[in-house]
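These notes are about the structure you will find just below.
The values are calculated or read from the model by the stated rules, or taken from the named source; none is laboratory data. Bear in mind the structure is a predicted one, so any value in this text is a computation, not a measurement. All Cβ positions, even for glycine, are placed from backbone atoms using ideal geometry, and neighbour counts span all protein chains on display. Just so you know, the surface numbers come from the protein's heavy atoms only, side chains and all, with ligands and any DNA or RNA stripped out. Shrake-Rupley method; radii C 1.70, N 1.55, O 1.52, S 1.80 Å.
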Amino acid sequence: MTDRILKALFAVCLGAMALLYVAHNIANVGAAYDFFVYTTTPMEKAAYPVTLLPVPPAPLIVVAMVLVFALEIGAGVFLIWGGFDMWRARNGDTQAFGKAARYAKIGIGCAVVNWWGLFQALAVAGYQLWQKPLGESPFYGSFFYGAMNLLLLIYINQRE
């Protein structure tokens, strides 16, 4: 019973975290746009000045922002939904509880695609965000956010 309660609680916590991040992104949409532009430009790259990925046009940056925001909203909503489903199924049998975790797993998928796929693979590796002065926080933060979600996936999939 304790594990089931913790699984539900952790899903709600990670969902709330994703929704808070996207809320701050939307509240600071101008600064977010500027950071996306900063990420994709070759300025301030001392170690490796050549980036293999092209600087995207402004409309593509907006598309990327919408995708990031949508994945963060999806992560938040599905994780919270799944957390509440797991809470409601906490007294049920193992199969019922496993089914209740479905939406939390979808939320975890959104989070990992966002923070490891878009941030780590595309921004950090593709655009070399790691070597920019303002890139350190997104570099480490996106790793930890993705890891937290994958750890929750492992925990949810463990039997009692």
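Say whether the condition of being assigned to a helix (DSSP H, G or I) and in contact with a Leu (Cβ under 6 Å, 6 or more places away or on another chain) is met by at least one residue in the range 28-37. Break it down stepwise before answering.
Going residue by residue through the range 28-37, those that are assigned to a helix (DSSP H, G or I) are 29-37.
Cutting the leftovers down to in contact with a Leu (Cβ under 6 Å, 6 or more places away or on another chain) gives us none.
Within the range 28-37, none of the residues are assigned to a helix (DSSP H, G or I) and in contact with a Leu (Cβ under 6 Å, 6 or more places away or on another chain).
When you check Tyr140 against the structure, is it surrounded by fewer than 19 Cβ atoms within 10 Å (Cβ to Cβ), touching a Lys or Arg at 6+ places or on another chain (Cβ under 9 Å) and of a type outside the set (Val, Ile, Thr), yes or no? Talk me through it step by step, then tell me what you get.
Numbers: surrounded by fewer than 19 Cβ atoms within 10 Å (Cβ to Cβ): yes; touching a Lys or Arg at 6+ places or on another chain (Cβ under 9 Å): no; of a type outside the set (Val, Ile, Thr): yes.
Taking the combined requirement at face value, the residue does not satisfy it.
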Just one listed residue, out of Val66, Val77, is in a helix (DSSP H, G or I) and over 13 Å from the mean Cα position of the chain (by Cα), and it is Val66
If you check every pair at least six apart or on different chains, which have Cβ atoms under 7 Å apart with a residue in the range 13-39 that is open to solvent by 60 Å² or more (accessible area, probe 1.4 Å) first and a residue that is assigned to a helix (DSSP H, G or I) second? Tyr21/Glu72; Ile26/Phe69; Tyr33/Ile61; Tyr33/Met65
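For the range 117-134, which positions are aliphatic (A, V, I, L, M) and either open to solvent by 20 Å² or more (accessible area, probe 1.4 Å) or in contact (Cβ under 8 Å) with a residue 40 or more places away in the chain (or both)?
Kept after step one, since they are aliphatic (A, V, I, L, M), are these residues of the range 117-134: 118, 121-125, 129, 134.
Once the filter is applied, which keeps residues that are aliphatic (A, V, I, L, M) and either open to solvent by 20 Å² or more (accessible area, probe 1.4 Å) or in contact (Cβ under 8 Å) with a residue 40 or more places away in the chain (or both), the range 117-134 yields Leu118, Ala121, Leu122, Ala123, Ala125, Leu129, Leu134.
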Counting just the residues of the range 65-97 that are among the small types (Gly, Ala, Ser) and open to solvent by 40 Å² or more (accessible area, probe 1.4 Å), which one comes out nearest to Met1 (Cα to Cα)? Ala96
Among residues of the range 41-62, those that are in contact with a helix residue (DSSP H, G or I) (Cβ under 7 Å, 6 or more places away or on another chain), under 17 Å from Leu118 (Cβ atoms) and open to solvent by less than 50 Å² (accessible area, probe 1.4 Å), counted: 2
Since Arg90 meets every condition but one in (1) at pLDDT 95 or above; (2) part of a helix (DSSP H, G or I); (3) of a type outside the set (S, T, N, Q), which condition does it not meet? (2)
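Condition check ((1) in contact with a Pro (Cβ under 7 Å, 6 or more places away or on another chain); (2) farther than 21 Å from Ala70 by Cβ; (3) modelled with pLDDT under 95) across all residues:
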| position | (1), (2), (3) |
| --- | --- |
| Ala100 | no, yes, no |
| Gly109 | no, no, no |
| Asn114 | no, no, no |
| Leu122 | no, no, yes |
| Ala125 | no, yes, yes |
| Leu134 | no, yes, yes |
| Gly146 | no, no, no |
| Glu160 | no, yes, yes |
Looking only at residues that are of a type in the set (Val, Ile, Thr) and in contact with a helix residue (DSSP H, G or I) (Cβ under 8 Å, 6 or more places away or on another chain) in the range 84-135, which one is nearest to Met43 (Cα to Cα)? Val124
Result of the Cβ filter at 9 Å on the range 61-73, keeping first residues that are at negative phi and small (Gly, Ala, Ser) and partners that are modelled with pLDDT under 95 and open to solvent by 50 Å² or more (accessible area, probe 1.4 Å), at least 6 apart or interchain, is Ala64/Leu122
